[in-house]
1. Based solely on its DSSP helices, what 222 nm [θ] is calculated for the chain when runs of n ≥ 4 H residues each add -39,500 (n - 2.57) and the sum is averaged over all residues, nearest 500 deg cm²/dmol?
2. Give me the extension gain from ILE340 to HIS327: residue separation times 0.36 nm, minus the current Cα-Cα distance, reported in nm with one decimal.
3. Report, for the stretch 276-359, the % of DSSP beta bridges that are antiparallel, rounded to 5.
4. Return one number: the angle in degrees, 0 to 90 and rounded to the nearest 10, between the long axis of the Cα atoms of helix 2-14 and the longest principal axis of the Cα atoms of the chain.
5. What per residue convex hull volume, in Å³, comes out for the stretch 276-359 when only alpha-carbon positions are used?
6. Using the charge dipole of the chain (Lys, Arg: +1 at Cβ; Asp, Glu: -1 at Cβ; taken about the Cα centre), state which of ALA342, CYS164, ILE197 has its Cα farthest towards the positive end.
7. Using a simple charge model, +1 on the beta-carbon of Lys and Arg, -1 on the beta-carbon of Asp and Glu, nothing else, what dipole does the chain show about its Cα centre, in debye to the nearest 20?
8. Given the options ASN36, GLY236, LEU95, identify the residue whose Cα lies farthest towards the positive end of the charge dipole of the chain (+1 on Cβ of Lys, Arg; -1 on Cβ of Asp, Glu).
Amino acid sequence: MKKIILFLAFIFVASNIFAQYDELFISGYVEGYGNNRALELYNPTNAAIDLSGYSVGRFSNGDFAPGLFEGIQLPNDMIEAYGTYTVVIDKRDSLGTGFETPVWNGYQLWDVVIDEVTGDTVFDMNGDPVYGVQYDLNNDNIPFYGNEYHEWLDLQGKADVFLCPVYAVNNAMYFNGNDAVCLISGTTVMNDYSNIIDVIGIIGDDPGTNAGWETADGTWITRDHSLTRKSYVDGGSGLVFAALGDTIVYADWEISYKNDFSGLGWHECDCTINSTEELNQVDFKIFPNPLAGNALTIEAEETIERVVIYNVLGEIVFTSKLNSKAHQTSLNLPDLIGGIYAFSIYFEGDKQSIQKLMIQ
């Protein structure tokens, strides 16, 4: 069924039946050590988008009133078609502590992990030493720096922009696992929440201090983890609100552990393969459309071999194989519920075209 639904989405986009992919969404999220915090945005459209029309931010600790949204407007940069744009909190002072702890830059000292209580080397389940970033336990646990660069430790290098250097001025990027992180159009949340495009977390729900929202098995996903949207996701969540009984669709995310930045800077989305030219290869007409009865006529420029009709759930509700080798035919459809359907025709040479069919 998933394949059929994805194929139907493919049809709807390519044929302009439903709204085109026309809005950014959050494709990546990092909530890591200290100030290792980032959001990756993705443009699923075939045209560049001006980011200044959008803001990112958070509803903190269960807040939900529109006026309590802590947001920051994105800069006047363009995000290219099918491109990503990574926002990182602006903490780059290597000597910073507390709120100013630096975002990792790849030069953090990487060595064998030592148990701070026993002083012994930590081993994994295979008996091999565990390696990790080394911290100064006597200086607010800031990381030590070495001379060797490790790309996988470099979150600063993933940034397209650094935002929110001063907490007291704007704290939109200071999210922890219990803050609902949002992408909105404009600069403030509208009273009806209609300009909320995407949410990570649940607005109006507070998982608790030093906690995060969880999967069904109790694994945190919004705290001490990095998230990447799965490739079949082609748009934002819209409003996710506790008062409406909403939950996180955690199955839509690839979940990795703390301080994993590897997914930032590129994103795979099925929407990038959609092409009107690939599907609408032969012109045809269907009438009447909208259809009030059962009799439907098709006229095409090439020989019609097969007709398939899908509903919005991706289910096939009608199929017919024609043996007449004709460019025109009439069909007697079954009684279908009123609504929008995808009407797909296959022609000789495995060509295919689709249109929207409205049934009254």
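1. Rounded to the nearest 500, it is -1500 deg cm²/dmol.
2. 2.2 nm
3. Approximately 95 percent, going by the DSSP bridge assignments.
4. 70
5. So the per-residue Cα hull volume is 88 Å³.
6. ALA342
7. Magnitude of the dipole: close to 1320 debye.
8. Positive-end residue among those listed: GLY236.
Each value in this text was obtained by applying a stated rule to the coordinates, not by laboratory testing. Note that this is a predicted model, so its numbers are computed, not measured. FYI the Cβ positions are ideal-geometry reconstructions off the backbone, even for glycines, and counts take in every protein chain you see.
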